[in-house]
1. What are the pairs, 6+ residues apart or on separate chains, where a residue within segment 144-167 that is free of Cβ contacts under 8 Å to residues at least 40 places away in the same chain has its Cβ under 7 Å from a residue that is assigned to a helix (DSSP H, G or I)?
2. Name the pairs whose Cβ atoms lie under 9 Å apart, with the first residue in segment 109-135 and loosely packed, with under 15 Cβ neighbours inside 10 Å, the second outside any helix (DSSP H, G or I) and at pLDDT 85 or above, and 6 or more positions between them or separate chains?
3. For the list (1) within 22 Å of residue 157 (Cα to Cα); (2) surrounded by 11 or more Cβ atoms within 10 Å (Cβ to Cβ); (3) at pLDDT below 80, I need the number of the one condition that residue 76 fails.
4. Filter segment 59-72 down to the residues that are without any contact (Cβ under 8 Å) to a residue 40 or more places away in the chain and surrounded by 13 or more Cβ atoms within 10 Å (Cβ to Cβ), then identify the one that is nearest to residue 156 (Cα to Cα).
5. If you take just the helices (runs of 4 or more DSSP H) that sit entirely in segment 72-172, which of them hold at least 1 residues that are farther than 23 Å from residue 56 by Cβ and out of contact with any helix residue (DSSP H, G or I) (no Cβ under 6 Å at 6 or more places or on another chain)?
6. Looking at segment 3-14, can you tell me whether even one residue there is at pLDDT 85 or above, closer than 25 Å to residue 111 by Cβ and within 16 Å of the chain's Cα centre (by Cα)?
7. For the structure I just gave you, tell me whether residue 55 is without any contact (Cβ under 8 Å) to a residue 12 or more places away in the chain and over 15 Å from the mean Cα position of the chain (by Cα).
8. Tell me, yes or no, whether segment 99-107 has at least one residue that is surrounded by 14 or more Cβ atoms within 10 Å (Cβ to Cβ) and closer than 21 Å to residue 137 by Cα.
């Protein structure tokens, strides 16, 4: 294993741990909130157009934003984002695009992962990206919760563990 590979693994470890801690703290605060929540009537949002815009901007063959811009906006490489998104889609049906009982096409896994990673990367409120991704606050919260549970379930063993004696020098 090369030193650049171990250093990138260390960065990934630190990023996953930091994202998980931030999300857990956020979810605790949300669950402890004493404010009563009333359900708002659903807005007619064009989910498919929002998904297409997201794909055209970041995930198609020739995206509008290159790898450097992607990394600046998502604080991770496109390859890592797609790997995490695909891993989570295989782990959690929530993080895939489904059709509802009323036959509406749901949000894509890319939309759900994008909103979650941007919330974690920028420490933003749940509705900061609603104009772009067309998601409700409830969907943002559920995406964040399912994303974090999936990350913990999938990556706990390799990344979310106590550092060993060999890890400590690498962390410093």
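1. Close Cβ pairs satisfying both conditions: 163/171.
2. Pairs that qualify, where the first residue is loosely packed, with under 15 Cβ neighbours inside 10 Å and the partner is outside any helix (DSSP H, G or I) and at pLDDT 85 or above, are 122/75.
3. (3)
4. Filtering first and then ranking leaves 71.
5. Per the criteria, 78-91, 137-159, 167-171.
6. Pass one, segment 3-14, residues at pLDDT 85 or above: none.
Checked segment 3-14: no residue is at pLDDT 85 or above, closer than 25 Å to residue 111 by Cβ and within 16 Å of the chain's Cα centre (by Cα).
7. no
8. Yes: segment 99-107 contains one or more residues that are surrounded by 14 or more Cβ atoms within 10 Å (Cβ to Cβ) and closer than 21 Å to residue 137 by Cα.
The values are calculated or read from the model by the stated rules, or taken from the named source; none is laboratory data. Everything quoted here is computed from the prediction, not taken from an experiment. Every residue, glycine as well, gets a Cβ built from its backbone with ideal geometry; the counts of neighbours run over all protein chains shown.
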